[in-house]
Amino acid sequence: MKTLRAALAIAAKDLRIEWRTKTALLTSTVFAALVFLIFVFSRDTGTLSLRELAPSVLWVTLALAVLTALNRAFLLERENGALEAILLAPVSRSAIFWGKWLANLGFVLIIEGVAFPLWILFFAVELRPILLLVALLALLAAIGFTAVGTVFSAMTVRTRFAELLLPVMLLPFMIPPLFFASQGTVRLFEGRPVADAVQWLKLLTLYDIAFLVIATMLFPKVMDE
Amino acid sequence: MPDAESPVIVAKGLERRFGALVALCGVDLSVGAGELVLVVGPNGAGKSTLMRILAGLATPTKGRVRVGGMDLHADPEARGAIGFLSHQTLVYDDLTARENLRFAAALHGLDGVEARVQQALDAVGLSHRSDVRAGTFSRGMSQRLAIARATLHGPPVLLLDEPFTGLDSPGADALRQRLVVEREGGRVLVCVTHEPAEVWDIATRVVVLRGGRIALDAPRPADLAAFRATYASMLVT
Amino acid sequence: MIPDLQAAERTITRGRILTLFSLLLLAGIYVMAFKFTPPEAMQGLAFKILYVHAPSAWAAESAFVLVGVTGILYFWLKDPRLDIFAEASAEVGMVFGTVILTTGPIWGRTIWGAYWAWDPRLTFTLLLYLIFAGYFALRSAVRDPAERARFSAVLGIMGMLLVPFIHLTVFLFNSQHPTPVLMAPQKSPLPWVLLRPLLMSLVVFTLLYFGFVTTRYGIGLRRAALEGSDA
């Protein structure tokens, strides 16, 4: 299908360019590591153990890292007016959304892939099978964050205070998925049965579906002129 | 030869408002195969707005554009008939020339990508630099890559918005030569420029846009100097 | 299209009349609430702030949903006045939100000795408030009126979809950490004598909302008419 091919081409192009320069990737990953350090050094060492802090830290850090990663997608298109070439092509605007979203998702997953082991290391997290479920939560949260983030970054990239505006607009939208994901993680850490955590997985999935659908419908409006 | 009986691109009753500002009003334009229309006008006359609407990038407030019988703004497929060249290159600096063209081919859903890309690179004389980052190109080379990108999908209509910006003399000559080739191949060309001399000799028609309206639409006169005088007087009235 | 100045002025006048009328009704209700309604068993006099809180929350949330609905209408009808209305509704929503966020802590201090607790209504209002703030931040950053209308509509619609998730989040959060519930009445259904002023104030707050929005909408129309632009 033409739309799919175009979307995959856009995603592949984004990831190829990022791989070549690695700038945003390195910055976001280092950023995640630094946020971990801030948590470690700013806590009250007497009352808060690293283990207790671990679940919340993971989600705060991921949310912040996603914010830094999202600007990349449309900023890249501004050089030489490249986005116009995509808009000129007989490709639906939704294809642009899917391509950018896939690229953003891939990007965030790479960051999560690096941040996750660091988190395990820094916060003395026990290696247990439930970590796989936490990874699944991370994937689902990434889907939701990037769905909304792709639409918003397409808007903010054309404004004056993009770096400040995007977080202000996006963070309220990140609170529900953040809450669901972190509650799921806490349950898993407390040793509760997996079935408890599944409820949170379902809520995350519901959020993802709802916002992917609405984002696909609204994104073309952002591209209009 | 200009084919007035079956124009390829037809714009009717184009109007474009930005709030209270009227950028275009009552613009009708029909261009047929083998024509090269030169569009001139003072700053703010609406030239870029017109081009963007003809390219399908912007939507008119009123009016319609039909390309090859298809409504440009209603039917996304119709955009495949348009090639657009502006002063920006629309390419990615971090990709090679070849990769940029491959991407364009994927966007247009083209088959036989490798062969077409190679052919396009050969046609603009970039085959020797095809696997180097486009960011290293000179302005002239970048514009050649832009031409390759704009024509890769073989569009019958080529729209050019100030394409000579920043080109040196050899670069401008090369572009002109390419435009002649396209025109003689039966393409429709519409070129906006602030300096008519750039395409005067190869243009077949002149359109003057002023205050969002077409003030003149006639076959290209032989004498540029006389035209400049007419044009200057038009701007004063 | 350029809004007609006279129509704008008429709208403002109508809005002002409605607002004044609603405020008078409101005064009447509060007289009733203070003089003629007995104090609630557990919370005493401070309970009466419910008559401001609950309706304000209703108005703020409705204002928000209307921003989303006008966004959808804008994409369908493309009428720039819908954007002017959306902006008016968002501002009024923020006003009601401010009422909750200022009176809430005052009440909390009186009842529980704490200015803030993460109770459902305060938390929800705070999040709604932040979304409104994002809405205005976006509007202030976009210069072209048509682009601003489009972007605002997108954000409004997505915000509207977010509301149920926020309700869910706040509810689940609260059931994890039951807070001193500041604003709910006693567990059993309210007796009619306490409920009546609440219902009446809900109706009047709705009227007040429309009064404010109509006035503000009229002002927006007038500004557009004077500037000679769409928004």
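Since every read-out is calculated from the coordinates, none of them should be taken as a lab result. Keep in mind it's a predicted model, so treat the numbers as computed, not measured. Note that each Cβ is placed from the backbone with ideal geometry, even for glycine, and that neighbours are counted across all protein chains shown.
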Subject >> Cleavage-rule hits, trypsin sites (Lys or Arg not before Pro), the range C:93-179, DSSP coil, Cβ neighbours within 10 Å at most 11 >> reply: C:ARG143
**OP:** Among C:LYS48, C:LYS35, C:LYS78, determine the one that fluctuates most according to a GNM of chain C built with springs between C-alpha atoms less than 10 Å apart.
**Re:** C:LYS35
Original post:
For the range A:65-165, which trypsin sites (Lys or Arg not before Pro) are both in a DSSP coil and crowded by at most 13 other Cβ atoms within 10 Å?
Top reply: A:ARG160
Original post:
So which aspartates and glutamates can A:LYS13 reach, going by Cα to Cα under 13 Å and dropping same-chain residues fewer than 8 places off?
Top reply: A:GLU77, B:ASP93, B:ASP94, B:GLU99
Original post:
Of the cross-linked pairs A:LYS100/B:LYS62; B:LYS12/B:LYS62; A:LYS2/C:LYS78; B:LYS12/C:LYS78; A:LYS100/A:LYS202; A:LYS221/B:LYS47, which ones have a Cα-Cα span greater than 20 Å in the structure shown?
Top reply: A:LYS100/B:LYS62; A:LYS2/C:LYS78; B:LYS12/C:LYS78; A:LYS100/A:LYS202; A:LYS221/B:LYS47
**OP:** Please report, in debye to the nearest 20, how large the charge dipole of the protein assembly as shown is about its Cα centre when each Lys and Arg carries +1 at its beta carbon and each Asp and Glu carries -1 there.
**Re:** 1200
Original post:
How many Å³ per residue does the convex hull of the Cα positions in the protein assembly as shown occupy?
Top reply: 179
Original post:
Å³ per residue of the Cα convex hull, for the range A:1-109?
Top reply: 100
**OP:** Mind jotting down the distance between the C-alpha centroids of the range B:78-116 and the range C:138-174, whole Å?
**Re:** 36
**OP:** State the answer as a single residue: which of B:THR165, B:GLY185, B:VAL199 lies farthest towards the positive end of the charge dipole of the range B:157-199, with beta carbon charges of +1 for Lys and Arg and -1 for Asp and Glu, about the Cα centre.
**Re:** B:GLY185
Original post:
Can you give the alpha-carbon Rg of the range A:77-225 over 2.2 N^0.38 Å, where N counts its residues?
Top reply: 1.19
Original post:
Summing Lys, Arg as +1 and Asp, Glu as -1, what charge do residues with Cβ under 13 Å from the Cβ of C:VAL170 carry, C:VAL170 excluded?
Top reply: -1
Original post:
Going by alpha carbons, how many degrees (0 to 90, nearest 10) lie between the helix axis of C:50-77 and the longest principal axis of chain C?
Top reply: 30
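Let me check against my output: what whole-number percent is the relative contact order of chain B, with C-alpha pairs under 8 Å and at least 6 apart?
The normalised contact order for chain B reaches 28 percent.
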**OP:** Return the single residue from C:PHE47, C:PHE205, C:PHE34 with maximal mean-square fluctuation; model: Gaussian network over chain C, springs between Cα atoms under 10 Å.
**Re:** C:PHE34
**OP:** Considering only C:SER140, C:SER152, C:SER56, give the residue with the highest GNM mean-square fluctuation for chain C, with springs between Cα atoms whenever their separation is below 10 Å.
**Re:** C:SER140
**OP:** Would you mind computing, in nm to one decimal, how far apart the modelled labels at C:VAL193 and C:VAL95 are, each placed 7 Å from Cα along Cα→Cβ?
**Re:** 3.5
Original post:
For labels at A:GLU79 and C:LEU24 in the simple 7 Å Cα→Cβ model, what's the distance in nm?
Top reply: 6.7
Subject >> Under 18 Å from C:LYS35, Cα to Cα: lysines that are on another chain or at least 8 residues apart >> reply: C:LYS48
